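These notes are about the structure you will find just below.
The values are calculated or read from the model by the stated rules, or taken from the named source; none is laboratory data. It should be emphasised that the depicted structure is a prediction, and the values quoted were computed from it without experimental measurement. Methodologically, a virtual Cβ is constructed for each residue, glycine included, from the backbone with ideal geometry; neighbour enumeration extends over all protein chains shown. Heavy atoms of the whole protein, side chains included, go into the accessibility calculation; ligands, DNA and RNA do not. Shrake-Rupley method; radii C 1.70, N 1.55, O 1.52, S 1.80 Å.
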Amino acid sequence: MLGWLSMAMSWRRLAHLLRRRRFDRELAEEMRLHVDLRAEKFERQGLTAREAQIEARRRFGNAISVHEISREIWFSRWLADAGQDLRFAARLFRRSPGFTFVAALTLALGIGAGTAVFSVVSGVLLRPLPYEDPGRLLSILDRGVRDENLAKLFVSYADFDAFRRNARGFENIAGVTWAAGSSRILSARTILAAPATTTFFRTLGVRPMLGRTFNERDDSGGCSLVLSHRFWRSILAGDPAVVGSTLTLDHRPCTVLGVMPRGFAFYPEAAQMWMLIGADFQPRREDVILFIVARLKKDVMLAQVRSEIEAIHAALHKADGREPDIVPAVTPLQDDFTWLASRNLRTTLLLLSGAVAFLILIACVNVANLLLGRAAVRHRELAIRTALGCGRARVIRQTFTEAALLSLVSAGFGTLLAWAAVRYFQVVNPIELPVGADVRIDAGALTFGVLLSLCTAMLFGLAPALRLARVDLVAGLKQGARITFQQGAWMPRSPRWWPRALVAGEVAVSVLLVTGAWLLMNSVLKMQSAKLGYDPERLLATTLAFPPDRYTRDDEKIGFYRDALQRLTEFPGVADAALTSKLPPYGGGNQQLDIEGRPNDGSQLHNVGGQAISPGYFRVMKVPLLRGRIFSDHDGRESQPVAIVNDALARTYFPGKNPLGSRLRLSDGTNKTPWLTVVGVAGNERHTSLLHEMAWEASPVVMRPIAQEPRPSFSVLVRQRDSQPNVAEAIGRTLGSLDPAVPVAEMDTVRLLIAKPLAYPRFRAALLSAFACCALVLAAVGLNGVLAQSVAQRTQEFGVRMAVGARPLDLAKLVATESGVPVLSGLLAGIGASLLLGRLFGSLLYEVQPSDPTSLLGTAVTMLAAAAVAIAVPVRRAATIDPLVALRND
């Protein structure tokens with residue numbers, strides 16, 4: 001009951017606050033009625049009307065005091081005072097539109113950048129995966145024990161089957177793959193149909209929009225499909241009757257079981273459908289390698305299932321007779337999705353969060369300096385308010401109210417800037433995001449923006465509030481007196497050093513951002529211009545894949561290769577063409593190398609890649625042959641198996657020796673791969689690294705003639721004679737005319753393929769450069785504002801100096817020297833801090849050290865140029881002061 005009464009009173013107080021003028025009128029009328037009634041009583045007792053009115057007023061008491069007491073009963077005093085402070089702050093800012101615009105824009109830049117970066121961090125790292133109870137979802141992959149550079153590997157189907165039968169810590173366990181067997185042909189086009197086990201969708205806890213997903217009855221029921229919502233809408237025009245229909249994949253009928261909802265996604269997001277790995281799956285499901293996803297039981301810990309999976313794996317491979325060099329890795333699914341998107345995604349977001357924190361700090365320092373300058377102007381006003389009884393706490397509260405109002409206005413503009421930045425990010429899509437990432441301005445981002453604005457108000461409002469609260473009352477009331485401070489105050493009597501210290505801090509933080517931007521830009525430029533061992537200019541590439549029911553014999557594949565090369569070399573404008581199983585800049589591998597005469601003790605590294613090429617490959621790519629010979633048309637199916645190794649393999653496995661004539665093979669664990677005779681050593685082709693994003697690596701490679709190792713899918717490389725428009729489309733049509741049943745992928749330039757791995761480095765460099773530019777502008781504005789205020793406050797001093805013989809050049813040198821101290825000290829402090837912090841982000845740099853002299857010199861020149869622009873106007877103003885005007889004002 002008391003709670004309801006309290007709530008009712010609170011609502012009545014709020015209603016009275018919103019109708020304050022009406023309440024004041026009603027209260028005045030009630031008090032007047034009370035006085036009139038008492039006056040009538042006195043008149044009946046024999047007093048005259050005038051005497052009765054005077055006596056009634058005397059008995060009633062002070063009407064103003066009663067009015068205030070009544071208002072305090074019905075209103076919360078602090079709320080009324082807060083409204084008064086807000087109105088006063090609004091009038092104050094309205095009288096200074098220039099100051100308000102600069103301060104609000106400065107804070108809006110910081111708050112907008114902070115809100116935008118928070119939206120990215122929240123959408124990528126904090127937002128849960130779009131599955132049921134995603135915190136219990138795990139991934140299982142293989143990892144190397146001895147080779148730390150070995151990337152995570154898909155798990156064999158035999159291992160998955162053992163985990164499925166023996167693991168007790170999972171509610172469900174499933175497998176999916178996007179490796180071999182995921183590219184399928186549908187109506188002469190290649191699509192990505194990710195093979196999955198029957199429990200895949202059940203493990204994720206996602207229901208279809210139409211139809212159903214896989215179940216155990218489908219295992220022996222032929223080819224079954226579940227379509228993605230994007231494929232259903234774009235290719236099948238959203239046909240609601242698609243469930244139960246048949247699609248022909250690789251000339252094989254497949255039944256459509258269902259369609260997933262719009263928001264469903266799994267890695268890779270390019271998957272257009274999922275097909276069941278059933279008993280009749282081609283290739284054999286025993287040969288499939290899987291990405292395993294499992295759901296933990298509610299009462300089981302992650303450490304328990306790790307131990308369980310490792311024990312099952314060890315028992316399964318105990319018969320190998322040697323210590324295993326591959327063990328399972330059990331990881332939260334969201335962590336693996338983040339890693340798959342980019343090896344440095346977390347580090348990138350950490351870097352951007354730090355950069356935007358520095359930018360917000362600079363904005364707060366700038367506004368604090370502006371408010372400190374205004375404090376020197378408002379000292380007389382605050383002295384009068386203090387003399388009239390305004391306490392120190394009320395002065396501080398008024399100052400914080402002004403700061404809060406300024407921050408909230410800035411938060412509005414900052415939110416608009418953040419929305420525009422996030423919208424641009426969504427449209428341009430500059431980087432690949434993890435599965436389930438959703439970058440947008442939502443309620444969380446808006447809440448963060450409001451909280452950020454209040455925190456900035458606390459940061460930049462503290463120093464001005466403390467200064468205004470310590471105004472010397474006597475000196476402040478003197479006309480024309482300068483602001484002074486009480487003895488024992490938190491600042492010395494002359495406050496000139498404090499704004500300069502803040503400017504030095506701004507410069508130091510700006511130097512950090514500018515140095516980081518220089519380092520990242522230099523890294524990107526070096527990666528773009530790195531020598532990769534081949535010439536990508538005027539080089540085009542595309543990929544072809546044979547249907548499973550056609551070109552099943554090696555001689556048929558070789559005949560298609562020969563016809564394709566002949567047709568391409570006869571094409572106008574084509575200088576040469578070649579075939580390869582791997583397109584640049586992708587390469588490397590994770591296979592073991594066996595060398596004849598050297599025992600395999602299980603300690604070999606998984607660092608060798610295999611590649612099948614046509615004889616003209618080195619000529620088209622312009623890769624030098626260092627020793628031996630290249631392949632020829634005589635290296636066919638019936639001839640001796642041969643290989644060409646690259647220089648990295650020769651140096652790693654044949655140090656100081658000539659590998660020509662040696663015999664080796666890529667181990668598959670069955671000893672069925674043929675022994676190859678090394679006939680040549682080629683130059684290295686540098687490629688991207690799965691583990692190290694900021695690297696071009698030259699890993700060991702074994703190359704075979706494509707006629708001795710025909711592949712079901714291969715890539716075509718074409719060297720143009722000159723850059724002609726529409727040549728790529730014409731070449732694609734030429735390849736497609738060889739056999740309409742063989743789909744041809746879109747042809748790209750190799751330059752474009754090389755640019756794709758640079759998306760994240762470019763994104764980091766561009767965003768940090770934008771933050772650095774904002775920081776540079778804000779630091780310059782802050783320096784300019786402090787100097788302008790200093791010159792204005794020292795006008796009389798400069799007038800005296802000129803009156804006793806100082807020249808304008810002397811005053812210009814004085815101002816420039818005093819402004820140079822905070823700039824140089826901030827520059828040195830910022831460079832020192834960048835050398836320390838740069839080591840934390842070494843993985844984001846390519847052939848550049850944090851102490852790179854080019855980057856440090858570029859930072860110094862940029863900072864000094866910005867400072868020179870900032871101090872130019874105050875220096876000129878100091879040099880042109882009229883001593884007569886200055887002394888007259890004194």
Q | Only Lys, Arg (+1) and Asp, Glu (-1) charged, at Cβ; the stretch 122-261 dipole about Cα centre in debye | A | 240 debye
Q) Amide H to amide H under 5 Å from residue 587: which residues, 5+ apart in sequence or cross-chain, H placed 1.01 Å off N in plane? A) 688
(Q) Quick check: net charge around residue 875, other residues with Cβ under 11 Å of its Cβ, Lys/Arg +1 and Asp/Glu -1? (A) +2
Q. Which aspartates and glutamates have a Cα lying under 19 Å from the Cα of residue 531, excluding residues fewer than 8 positions away in the same chain?
A. 647, 685, 693, 697, 847
Q.
With only alpha-carbon pairs counted, each pair once and no self-pairs, how large is the Kirkwood hydrodynamic radius of the stretch 538-647 in angstroms?
A. 16.6 Å
Q | Mean-position separation - Cα centroids, the stretch 834-850 and the stretch 659-730, in angstrom | A | 33 Å
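Based only on Cα atoms, what mean projected area does the convex hull of the stretch 305-371 have, in nm²?
Taking the Cα atoms of the stretch 305-371, their convex hull projects to 7.4 nm² on average.
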Q) For the stretch 791-890, max minus min Cα coordinate along each principal axis, in Å, sorted largest first? A) 63, 17, 17
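Around residue 444, what is the net charge, scoring Lys/Arg as +1 and Asp/Glu as -1 over all other residues with Cβ under 14 Å from its Cβ?
Once all neighbours under 14 Å are counted, the net charge is 0.
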**Q.** Long-range HN-HN contacts of residue 852 with modeled amide H, under 5 Å
**A.** none
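Can you tell me which of 345-354, 622-631, 154-163 comes out highest on packing, and rank the rest after it, using the mean Cβ neighbours within 10 Å?
In descending order of packing, they fall as 154-163, 345-354, 622-631.
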Q. Does the stretch 237-374 come out rounded, prolate or oblate by the C-alpha gyration tensor, with a ≥ b ≥ c the root eigenvalues, rounded set by a/c under 1.5 and, if not, prolate when a/b is larger than b/c and oblate if not?
A. oblate
Q) What does the charge add up to near residue 516, with Lys and Arg as +1, Asp and Glu as -1, over the other residues with Cβ less than 14 Å from its Cβ? A) +1
Q | Proportion of all alpha-carbon pairs of the stretch 607-711 beyond 22 Å (%) | A | 29 percent
Q: Would you rank 306, 733 by solvent-accessible area, highest first, keeping every protein chain in place and using a 1.4 Å probe?
A: 733, 306
Q. When we measure straight from the Cα of residue 152, which lysines land under 24 angstrom away, once same-chain ones fewer than 8 places off are left out?
A. 318, 582, 756
Q) Based on the alpha-carbon gyration tensor of the stretch 676-766 and its eigenvalue square roots a ≥ b ≥ c, which shape applies: rounded if a/c is under 1.5, prolate if not and a/b is larger than b/c, or oblate? A) oblate
Q) Alpha carbon centre of the stretch 199-262 versus the stretch 766-793: separation in Å? A) 58 Å
Q.
Going by Cα centres, the stretch 537-601 and the stretch 408-467 are how many Å apart?
A. 50 Å
